[in-house]
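A short write-up of the structure that comes next.
The values are calculated or read from the model by the stated rules, or taken from the named source; none is laboratory data. Bear in mind that the values here come from a model prediction, so they are computed numbers and not experimental data. As a convention, Cβ positions derive from the backbone with ideal geometry for all residues, glycine included, and neighbour counts pool all protein chains shown.
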């Protein structure tokens, strides 16, 4: 089936450093969503992207919808301890129809103070 | 309501028993999704509803799993004859059509 591969799987960084993670697929996507999940909670939406090439920011977060429509990346600038969590990309593969959103494998972020 | 509400938040059951998990989506959201998340894993798509219909049930793991939605609102995910491998957090999300998904806190199921 369709898969979304995220990299890196996990990362340890120092507070204040910038973070970059990406998501790739073998299928074309019409939408990319980025989520953060804290332990014991549901995922929370960070950024939504709807057009190829789109670059969107939300505070210290910046995400881009790849030109090929098969990838997306998320950057976090000047990381802080509360950025700790698991980051997921998600989207509906073009071939699956509009509403079946699949999720990536996740990037686990740990920030060292 | 203000957000997606799921109940129970925690359920411990014995192997072989049936369980029902409930999801109340955000008012007015037409689409509703169920996902399963095993410990330390990503989100596994189970089923989604558009209105009260389920166009895609391809993620349901077996015929022990079923879901329904009524009144274009509440949804119930039922697992019959639970097995230990069913232990996971079951997450519900809702959205306005093809838009962004908003998640509940999840129902943690433990099968002994």
Self-check item: Subset tally (residues that are over 21 Å from residue B:106 (Cβ atoms) and either out of contact with any strand residue (DSSP E or B) (no Cβ under 7 Å at 6 or more places or on another chain) or within 9 Å of chain A (Cβ to nearest Cβ) (or both)) for the range B:45-55
Solution: 4
Quiz prompt | Cβ pairs under 9 Å, 6+ apart, first in the range A:23-45 and at positive phi, second assigned to a strand (DSSP E or B) and surrounded by 21 or more Cβ atoms within 10 Å (Cβ to Cβ) | solution = A:40/B:89
Practice problem: Quick one: in the range B:103-112, of everything that is under 14 Å from the mean Cα position of the chain (by Cα) and on the phi < 0 side of the Ramachandran plot, which residue is nearest to the other protein chains (Cβ to nearest Cβ)? | Solution: B:103
Quiz item: Within the range B:86-102, is even one residue in contact with a strand residue (DSSP E or B) (Cβ under 6 Å, 6 or more places away or on another chain), farther than 20 Å from residue B:28 by Cβ, part of a strand (DSSP E or B) and away from every other protein chain (no Cβ under 14 Å)?
Solution: no
Quiz item: With B:75, B:27, B:87, B:62 as the choices, which residue is under 28 Å from residue A:87 (Cα atoms), surrounded by fewer than 16 Cβ atoms within 10 Å (Cβ to Cβ) and either at pLDDT below 95 or out of contact with any helix residue (DSSP H, G or I) (no Cβ under 8 Å at 6 or more places or on another chain) (or both)?
Solution: B:27
Quiz prompt | Those residues of the range A:59-75 which are free of Cβ contacts under 8 Å to residues at least 40 places away in the same chain, farther than 28 Å from residue B:39 by Cβ and within 13 Å of the chain's Cα centre (by Cα), in sequence order | solution = A:62, A:64, A:65, A:66
Self-check item: Enumeration of residues in the range B:7-45 that are assigned to a strand (DSSP E or B), touching a residue at least 40 places away in the same chain (Cβ under 8 Å) and under 25 Å from residue A:107 (Cβ atoms)
Solution: B:33, B:34, B:35, B:36, B:37
Practice problem: Take the range B:103-112 and flag every residue that is in contact with a helix residue (DSSP H, G or I) (Cβ under 9 Å, 6 or more places away or on another chain) and part of a loop (DSSP other than H, G, I, E, B). | Solution: B:112
Practice problem: Can you tell me which residue among B:22, B:81 is in contact with a strand residue (DSSP E or B) (Cβ under 7 Å, 6 or more places away or on another chain), over 23 Å from residue A:88 (Cβ atoms) and away from chain A (no Cβ under 11 Å)? | Solution: B:22
